[in-house]
Amino acid sequence: MFSVIGATGQVGGVVARMLLANGCDVRAITRNPATASTLREQGYEVSVADLRDTRALARALQGTEGVFAMVPLNLDPSSDFSEAHEIVSSLRDAIAIAQPGKVVCLSAIGAQVMQPSLLTQVRYLEEALSYLQMPVAFVRAAWFMENAICDVESACESGEIPSFLQPLGRGIPMVATADIGRVISETLMEEWDGLRIIELEGDKRISPNDIAQTFDRLLGREVRPRLVPRDAWEEMFRAQGMKNPGPRMQMLDGFNEGWLKFEGRRTETRIGRVSLDIVLRELVRNAR
């Protein structure tokens with residue numbers, strides 16, 4: 001039996017489906033009771049537990065061969081990241097109580113970096129779970145290709161996509177969520193001792209120009225990226241309702257300045273199989 005946190009999400013959903021397809025028993029953990037019946041119909045055992053409820057979460061993790069764990073990335077965290085601290089603390093304590101056979105966690109590129117950014121949340125996760133007395137693996141995933149979902153509407157309607165990643169021709173590591181879920185499910189079915197760090201990206205670096213050109217081909221119309229000036233970011237993010245845009249801006253700075261990157265030492269490397277073309281084609285299809 002494997003427990004999967006966030007089984008209705010982008011990555012957790014892939015992990016759960018792939019484990020099930022490989023003949024494994026899967027306990028889907030969801031915080032929303034309304035999703036339980038659908039998950040059961042899909043073949044999962046279901047546990048309803050909020051990540052902040054340590055006791056309920058521990059019950060959901062008990063008696064399992066392995067656990068997929070993650071902390072939902074808060075795009076507008078408080079300045080002290082109190083939300084992440086609360087979830088990470090609850091998750092650590094629940095795992096320590098339940099004592100599953102192994103744990104595989106979704107982490108992110110740059111999790112080793114001490115400089116503050118939105119990804120500080122996954123650094124807290126790694127720091128807290130590194131000392132668990134069981135096999136633990138952190139899968140540090142690159143920038144999600146699916147983040148381009150924010151560009152679909154503007155690409156279709158105006159032929160222009162705003163870009164906070166700069167310069168427009170500079171590629172950064174990206175990966176499809178299908179590959180993240182695949183690597184996590186494969187890792188859960190492996191045996192190892194101690195701590196593993198797995199760094200995961202696609203087969204090539206991708207720039208804003210590459211994203212625009214892919215939309216161009218898929219839509220059959222000219223699509224061009226538009227650079228959003230750095231000094232306009234805070235006003236834009238606050239207009240969208242963000243109260244504390246600083247961490248998000250720092251994350252973007254980290255990618256643009258190159259200090260949010262893979263560690264490249266004491267790590268394993270995995271390369272994704274799913275191309276940007278496949279991901280954007282699906283995003284466009286779902287938007288129509």
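Worth pointing out:
- Qualifying residue in the stretch 53-71 (condition: of a type outside the set (D, E, K, R), under 19 Å from GLY194 (Cβ atoms) and part of a helix (DSSP H, G or I)): no
- Going through (1) among the aliphatic types (A, V, I, L, M); (2) open to solvent by less than 10 Å² (accessible area, probe 1.4 Å); (3) under 23 Å from LEU91 (Cβ atoms); (4) without any contact (Cβ under 8 Å) to a residue 60 or more places away in the chain one by one, LEU132 falls short only on (2).
- Scoring GLU127 on the criteria (1) closer than 24 Å to GLU268 by Cα; (2) part of a loop (DSSP other than H, G, I, E, B); (3) open to solvent by 30 Å² or more (accessible area, probe 1.4 Å) leaves a single failure, condition (2).
- Single residue of ALA94, ALA49 found to be in contact (Cβ under 8 Å) with a residue 12 or more places away in the chain and surrounded by fewer than 23 Cβ atoms within 10 Å (Cβ to Cβ): ALA49
- Considering the stretch 238-261, and only residues there that are open to solvent by 60 Å² or more (accessible area, probe 1.4 Å), free of Cβ contacts under 8 Å to residues at least 24 places away in the same chain and over 26 Å from ASN286 (Cβ atoms), the residue that is farthest from the chain's Cα centre (by Cα) turns out to be ALA239.
- Test set (1) under 16 Å from the mean Cα position of the chain (by Cα); (2) open to solvent by less than 40 Å² (accessible area, probe 1.4 Å); (3) within 21 Å of ALA111 (Cα to Cα) - ALA148 fails condition number: (3)
- When each of ALA56, ALA60 is tested for being closer than 27 Å to ALA108 by Cα, of a type in the set (A, V, I, L, M, F, W, C) and surrounded by fewer than 19 Cβ atoms within 10 Å (Cβ to Cβ), the lone residue that passes is ALA56.
- Just so you know, in the stretch 211-237 the residues that are among the β-branched types (Val, Ile, Thr) and more than 16 Å from LEU252 (Cα to Cα) include one that is farthest from the chain's Cα centre (by Cα), and it is VAL223.
- Among the residues of the stretch 52-111, just one is under 16 Å from the mean Cα position of the chain (by Cα) and hydroxyl-bearing (Ser, Thr, Tyr), namely SER107.
- Failed item in (1) surrounded by 18 or more Cβ atoms within 10 Å (Cβ to Cβ); (2) among the aliphatic types (A, V, I, L, M); (3) in contact with a strand residue (DSSP E or B) (Cβ under 7 Å, 6 or more places away or on another chain), with LEU195 passing the rest: (1)
The values are calculated or read from the model by the stated rules, or taken from the named source; none is laboratory data. Since the model is a prediction, treat every value here as computed from it, not as a measurement. Note: ideal-geometry Cβ built from the backbone for every residue, glycine included; neighbour counts use all protein chains shown. These area figures cover heavy atoms from the full protein model, side chains too; ligands, DNA and RNA do not enter into them. Shrake-Rupley method; radii C 1.70, N 1.55, O 1.52, S 1.80 Å.
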